[in-house]
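These notes concern the structure reproduced below.
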Amino acid sequence: MSLSLLFAFRKYILLQRMPCCSDDDEGIDIFTHQPSRSAFTSLNDSAMGEDISCLILGIREMKSPEVLSETPAVVSMDENPESLKSKKLGMYFVESDNRRSPFAGGYTTLGTTPVNIHGKPITDLSKTGGWLAAFFIFGNEMAERMAYFGLSVNMVAFMFYVMHRPFTSSANAVNNFLGISQASSVLGGFLADAYLGRYWTIAIFTTIYLVGLTGITLCATLNVLVPNQDECNQLSLLLGNCEPAKPWQMFYLYTVLYVTGFGAAGIRPCVSSFGADQFDERSRDYNTNLDRFFNLFYLSVTMGAIVAFTAVVYIQMELGWGFAFGALAVAMAISNIVFFVGTPLYRHRMPGGSPLTRVAQVLVAAFRKRNASFDSSEYVGLYELQGKRSAVKGSGKIAHTDDFRCLDKAALRLKEDGTNMSPWYLCTVTQVEEVKILLKLIPIPTCSIMLSVILTEYLTLSVQQAYTLNTHMGRLKLPVTCMPVFPGLSIFLLLSLYYVIFVPLSRRITGHPRGASQLQRVGLGLAISIVSVGWAGVFERYRRNYAIREGYEGSFLSPMPGLSAYWLLIQYCLIGLAEVFSVVGLLEFLYEEAPDAMKSIGSAYAAVAGGLGCFIATILNSIINSLTGNEEKRQTSWLSQNINTGRFDYFYWLLTALSIINFCVFLYAARRYKYRVTDTVETKDLPQR
């Protein structure tokens, strides 16, 4: 009882010092980040509650609405333990100034306050940010996407025709490049959120990207970096009689290619987040602006892809590989200049320190208290800093939730903690909720991996299909490598008409003010992708049978005049629509739902999912080749280099089956997910004794 009195007295002194406990002061509600005339301190120990309840009359306790009716203000230890186990954890916060850690007393500025490039608060927001600043950022992403898609399509042909590599190994190398450029985005997101900020991360990695593109241009320009092209005609290519590239030549090409992919690591997770940072979240039109921003952002991505599939391909055909890759490098250099010119207009967010460290602190603290019980008499409260301040730089306070309750033990303050306020032993509720949010977000981008697999397969397999088809449009003959432009055109058309047609129609069906919620758009995109890949299997079966019937079985690089390549437009346009709904919805979802100090990490989730899709596509191709092909038995693989003897139709139907399973998993995950924006807080007076 003496120990309880000691804690009670300390608590009473603390309450007297709390500004938020005064009737004349307006603190900040940690759940809504809005002004509140309440303190939120109580104890969950019966002994302490009995001793000091008379000292805290009039003090109000804050609870999330889910637990108000289920958890009493003070839990009595005389109750049945079984009934205690069935109750949700109530909101019992212990606010304190005594943080003996690098967090010190916390950060007094709200995490969402924009600053200038020097880290100082912006006094006049009207002179910075907004759509003008966002358009400077669009240019950087457009150039990066132009280079990305330009390399993804042309590099397969470059390795086959110039470096004399087989189609299969060329496709796998490009898939690895695509995977590295996206999966490494988590590194860029980490650096941006932890140390550099989004602006400097983009500035550094976009320069690395330019260096890589310059190296690829040199490879295509200097004869010493490529094998001898003499006496290497189409027949020699088919028979594999051309002089292969030397190991050091391939090493150089792979090095500059992967340097380029690594450069994308700091661009992809940061550009969309940095652009969204330019809008004031306190504005009445914030949600509308954010919705339009992500659509226009992806429109700039699409424009970059269209230029890559048309202008760059044209330059390659007319002027050669060196000029084509050089055009990508020049475009990237110009976009860098435009990005830096817009520097005075940008709004910045303060990096919040290492998010991985904070995640580790929560996991370690929760593990150390794994045997502690929420119903124990040693329980004092869930720890949080006082008033407006947050223990996380660059973040406001986050509301407590009942998910992953095992992690709540990291914020569980016990009597035995004493004055040990190290974050490796005791974390704030905001830190714990950051980890919870990251965990809750994982299933949604994970379900987008399958879409990335399909997109990756289309970039390589559809090119092989197009080589066997008639690409004439009247008197105009389109190059095979221009075929992927049609998904981009469908995306461009849809985004242009999105607010004119789709939003009004879908609003009537769903009642949602923006037509459809973010998860509904992601789900719609995944459903359309199933139709796309299913149609691809149907058409490929028809194309293969036609080739065999017309005597083209052995001529897989000869176009068949009687079968138009424009049948591929159906699968291309469908996958373009799927990409619009899924990717744009996912980017907006991750940005809005991610913690304030982890926005880049949240955006990196989408890029990592895309990268994993590329790697999975490569692994899946290898598995299919090993299972279905046997050289000793002269059994042709489904993914044979000769598409007319392979079974691409079986492969497409396999992707269809996997996509259906993935869609069912997404429906389950989306149904269970609760948006952060719906969190509300109510206050409740503590009962008087």
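The values are calculated or read from the model by the stated rules, or taken from the named source; none is laboratory data. Note that the structure is predicted; figures quoted are calculated from it, not measured. Ideal geometry is used to build each Cβ from the backbone, glycine not excepted, and the neighbour counts take in all protein chains shown. Just so you know, the surface numbers come from the protein's heavy atoms only, side chains and all, with ligands and any DNA or RNA stripped out. Shrake-Rupley method; radii C 1.70, N 1.55, O 1.52, S 1.80 Å.
The table below gives the values:
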quantity	calculated
List Asp280, Asp285, Asp408, ordered by accessible area with a 1.4 Å probe, largest first	Asp285, Asp280, Asp408
Amide H within-cut-off set for Leu563, under 5 Å, with H built and near neighbours excluded	Asn470
Karplus-derived 3J(HN,Hα), 6.51/-1.76/1.60, for each residue of segment 654-671, Hz, glycine and proline x	4, 5, 5, 4, 5, 5, 5, 4, 4, 5, 5, 5, 4, 4, 5, 5, 5, 5
Fraction in percent of alpha-carbon pairs per bin - 10 Å, segment 416-566	8, 24, 24, 18, 12, 7, 4, 2, 0
Local net charge near Phe339, Cβ-Cβ under 13 Å (Lys/Arg +1, Asp/Glu -1)	-1
Percent of Cα pairs exceeding the 18 Å cut-off, where the set is segment 496-622	68
Full-stretch length increase - Met421, Val211 - with 0.36 nm per residue and alpha-carbon distance subtracted	70.9 nm
Solvent exposure ordering (accessible area, 1.4 Å, most first) of Arg165, Arg634	Arg634, Arg165
Listed residues Lys599, Lys127, Lys246, Lys120 arranged by accessible area, highest first, probe 1.4 Å	Lys127, Lys120, Lys246, Lys599
Gain on full stretching of the segment that runs from Thr123 to Asn470 - 0.36 nm per residue minus C-alpha separation	118.8 nm
Extension gain (nm, one decimal) between Leu132 and Ile334, 0.36 nm per residue minus Cα-Cα	70.9 nm
Built amide H within the under 5 Å cut-off of Gly381, gap 5+	Arg413
Using a Förster distance of 22 Å, the FRET efficiency for Glu231-Ile548 (Cβ separation, nearest 0.05)	0.10
Karplus (6.51, -1.76, 1.60) ³J(HN,Hα), θ = phi - 60°, over segment 497-513, in Hz, Gly and Pro reported as x	9, 4, 7, 8, 10, 5, 4, x, 5, 5, 5, 5, 7, 8, x, 7, x
Under-5 Å amide H pairs with Lys246, H placed in peptide plane, nonlocal only	none
Arg368 - accessible surface, heavy atoms, 1.4 Å probe, Å² rounded to 10	120
Tyr542 - accessible surface, heavy atoms, 1.4 Å probe, Å² rounded to 10	120
In Å², nearest 10: area of Glu550 left accessible to a 1.4 Å probe	90
Overall form of segment 411-478 per C-alpha gyration tensor (a/c, 1.5; a/b vs b/c)	prolate
Sum of side-chain charges, Tyr498 neighbourhood, beta-carbon under 11 Å (Lys, Arg +1; Asp, Glu -1)	+2
Residue-by-residue Karplus 3J(HN,Hα) for segment 587-593, coefficients 6.51, -1.76, 1.60, Hz, glycine and proline x	4, 5, 4, 5, 5, 6, 8
